[in-house]
Amino acid sequence: MNPVDIIVKKRDGGELSKEEIDFFIDGVVSGAIPDYQIAAWLMAVYFRGMTDRETTDLTLAMAASGDQLDLHDVLPGAVIVDKHSSGGVGDKTTLAVAPIAAACGLPVGKMSGRGLSFSGGTIDKLESIRGWTAEISQEHFRRQLRSIGLVIAAQTANLAPADKILYALRDVTGTVPSLPLIAASIMSKKLAAGADAIVLDVKCGRGAFMETLDDARALAQRMVAIGRLAGRKVTALITQMQQPLGLAVGNALEVKEAIATLHNAGPADFHELVETVAGEMLLIAGAAEDMNQARAAVRKVIADGSAFEKFRAFVAAQGGDASLVDHPERLPTAPVQLPVPAPVDGYVHAIDAREVGLVTVDLGGGRHKKGDPIDPAVGVVLSAKVGAKVQSGETLCTVHAATEQSATAAAKRLQAAYAIADAPMRPLEIVLDRVA
Ligand code: URA
């Protein structure tokens, strides 16, 4: 076997055998296959797709490409629950959901990623808290899971290392929005990280990798099927990503919004999503009998402050300055804050979430190429969401930028990202469907 034959076979629409997929993934991880051949193969998969069988084989090969964690010796008898988002704009859900689930007594030991294309990443967001690190040893991971019940780490070099390599290359080769590549990327990490039960948040719309409900459903169904095959319980929610989630987009800005939500003061759509995802985690773990009971438990740990305390303890345990959690206004703040006015009177009909994500990347909040540094302070804070009535001159959103020049360029693009029309418009539903 050689990599060129496998690239050519996929380029021409062939179905790769399990042996070919195993060979390719081995070569990715050992370094025998160089980046340019991997990139060509990714593009071939992007255009030609993969069958269910190929996607499952790819997922299992990627999951087996490194260590496979078993956390049951740390927490004997516990159901280890995980959640994962397919990626969106303003998606800080993990930051609120993980401490809530942990405060409800569900141990959460989670591997998270960095930003990918226009979508942000949990690790980049948490790194805006001074001192916080995602680079912890396995020993630290286990100790913290036992003592605090909540740990979020970067994918270690040894956990699904094939995904780490493919993910970074996809980000810079235009091959992110591919159903089999996303399904295999997400599920390989979830399988290798040892969760018994997984809640998937599949984003749908302009600010997601799956733009239509049909595509999002197909991705959700494929991931649920892969999880089942691997003996795990999986539920998928399909959620709104036509406009950004919540109000804040940008790393430190999103941390502030997540902390506000843990204080019961977050934006309505984000709060609703957090409650639903956390509720699904309690349900799938058998910690609640029905969704009403699950939601009540979630509300309780927010109201009594225990979810916030869990977040604080988790930040401190991973080296973060907990005073920033108590005083989020001291998190990195951009020197320039420029309001973007509505050009006309009317109702907000759409906010192009992808453009808001791309503007944030261009402000320095994301990466153009592998390894680029990011600016934690920059981003966008929305004042008006879909359905809002606005008057000409009223602030639609505010740009948080490092320079006047970048703020002005961003403001122009953000004004164009808003569609405003005369007819009233209903706010968008946050949860669109559920696949279990
Ligand atoms: N999240 C992942 O982990 N992988 C993807 O490919 C997309 C979103």
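Of note:
- Near pairs, Cβ below 7 angstrom, 6+ apart or cross-chain, from the range 303-328 (at positive phi) to any residue that is modelled with pLDDT of 95 or more: Gly319/Gly131; Gly319/Trp132; Gly319/Thr133
- Subset of the range 171-181 (residues that are touching a Ser or Thr at 6+ places or on another chain (Cβ under 9 Å) and within 12 Å of the ligand (Cβ to nearest atom)): Asp171, Val176, Pro177, Leu179, Pro180, Leu181
- Where Gln144 falls short, out of the listed (1) within 13 Å of the ligand (Cβ to nearest atom); (2) at pLDDT 95 or above: (1)
- Here the range 389-426 is the region considered, the condition is being among the β-branched types (Val, Ile, Thr) and outside any loop (DSSP other than H, G, I, E, B), and the residue that is surrounded by the most Cβ atoms within 10 Å (Cβ to Cβ) is Val399.
- Number of residues in the range 18-58 that are assigned to a loop (DSSP other than H, G, I, E, B) and out of contact with any helix residue (DSSP H, G or I) (no Cβ under 8 Å at 6 or more places or on another chain) equals 3.
- Residue in the range 213-226 that is within 14 Å of the ligand (Cβ to nearest atom) and either out of contact with any strand residue (DSSP E or B) (no Cβ under 9 Å at 6 or more places or on another chain) or under 28 Å from Asp375 (Cα atoms) (or both) present: yes
- Some residue of the range 275-283 being on the phi > 0 side of the Ramachandran plot and out of contact with any Ser or Thr (no Cβ under 8 Å at 6 or more places or on another chain): no
- Only one entry of Ala168, Ala184, Ala153 meets the criterion of being within 16 Å of the chain's Cα centre (by Cα), part of a helix (DSSP H, G or I), more than 10 Å from the ligand (Cβ to nearest atom) and touching a residue at least 12 places away in the same chain (Cβ under 8 Å), and that entry is Ala168.
- Restricting attention to the range 325-348, the residues being out of contact with any strand residue (DSSP E or B) (no Cβ under 7 Å at 6 or more places or on another chain), within 21 Å of Asp124 (Cα to Cα) and in a loop (DSSP other than H, G, I, E, B) number 5.
- Of the residues making up the range 276-301, those that are surrounded by fewer than 24 Cβ atoms within 10 Å (Cβ to Cβ) and not aliphatic (A, V, I, L, M) are Thr276, Gly286, Glu289, Asp290, Asn292, Gln293, Arg295, Arg299, Lys300.
The values are calculated or read from the model by the stated rules, or taken from the named source; none is laboratory data. Keep in mind it's a predicted model, so treat the numbers as computed, not measured. In this analysis, Cβ positions are derived from the backbone assuming ideal geometry, glycine residues included, and neighbour counts consider all displayed protein chains.
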